[in-house]
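The values are calculated or read from the model by the stated rules, or taken from the named source; none is laboratory data. These figures come from a predicted structure and were not determined experimentally. Cβ coordinates were reconstructed from backbone atoms using ideal geometry, including for glycine residues, and neighbour counts include every protein chain displayed. Quick note on the areas: whole protein, heavy atoms, side chains included, nothing else; ligands and nucleic acids left out. Shrake-Rupley method; radii C 1.70, N 1.55, O 1.52, S 1.80 Å.
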Amino acid sequence: EPYIYLFGGVGQEGPLNDLFRFDPSVNTWSRLNASEPPSPRFGHSLAAADGGGSMLVFGGIDIDGQLPASVHRLDVASDSWEILVPTVSPYATSNSTPFVPRGRRWHGMDVLDGYLYVFG
């Protein structure tokens, strides 16, 4: 089934980290209680990965006004989150420290052929 996912954003009380799923076949929203969600944030990006089996969240502005640089993965089958820990790229000039881009906000993001692309 194709679903639409909504994570976080900002409400009257500030940044949010709630998670919802919309089922267009019955026009209903469901609130999901996924384990260990990312910190509340807005201005982030969410992209489907693994053929729709997972969702990735990157960036945004957190409750302290910081720009998180972590990538979080939601397994849609189990409704559980995990933080993806970067490894050293085979293209890196140093083999000891993984490259991690700085956090950002209001950017675009997509997954293509298993690679995460961030724009902006």
Of 69, 11, 32, farthest towards positive along the dipole that unit charges on Lys, Arg, Asp, Glu beta carbons give the chain: 69
- prompt: Between 57, 71, 100, which gets the highest mean-square fluctuation from a Gaussian network model of the chain, Cα cutoff 10 Å?
  reply: 100
message: Ordering 74, 46 by accessible area with a probe of 1.4 Å, largest first, what comes out?
response: 46, 74
statement: Heavy-atom accessible area of the chain with neighbours in place, 1.4 angstrom probe: carbon+sulfur share in percent works out to 53
R0 of 25 Å, Cβ-Cβ distance residue 12-residue 79: FRET efficiency to nearest 0.05: 0.45
message: I want to verify a result. In a Gaussian network model of the chain, Cα cutoff 10 Å, which of these has the top mean-square fluctuation: 105, 21, 41?
response: 21
message: Charges at C-beta only: +1 for Lys and Arg, -1 for Asp and Glu. How large is the resulting dipole of segment 25-75 about its Cα centre, in Debye rounded to 20?
response: 140
query: Which net charge results for the neighbourhood of residue 56, defined as the other residues with beta-carbon distances under 13 angstrom from its beta-carbon, given Lys and Arg at +1 and Asp and Glu at -1?
result: -3
query: Residue by residue, what Karplus-based ³J(HN,Hα) values in Hz, rounded to whole numbers, does segment 33-40 have, using 6.51, -1.76 and 1.60 with θ = phi - 60° and x for Gly and Pro?
result: 9, 5, 6, 6, x, x, 4, x
message: If I take R0 = 25 Å and measure r between the Cβ atoms of residue 3 and residue 110 in this structure, what FRET efficiency does the formula 1/(1 + (r/R0)^6) give, to the nearest 0.05?
response: 0.90
task: Note down the accessible area of residue 29, probe 1.4 Å, to the nearest 10 Å².
output: 140
statement: Magnitude of the Cβ-charge dipole (Lys and Arg +1, Asp and Glu -1) of the chain about the Cα centre, nearest 20 debye, reported as 380
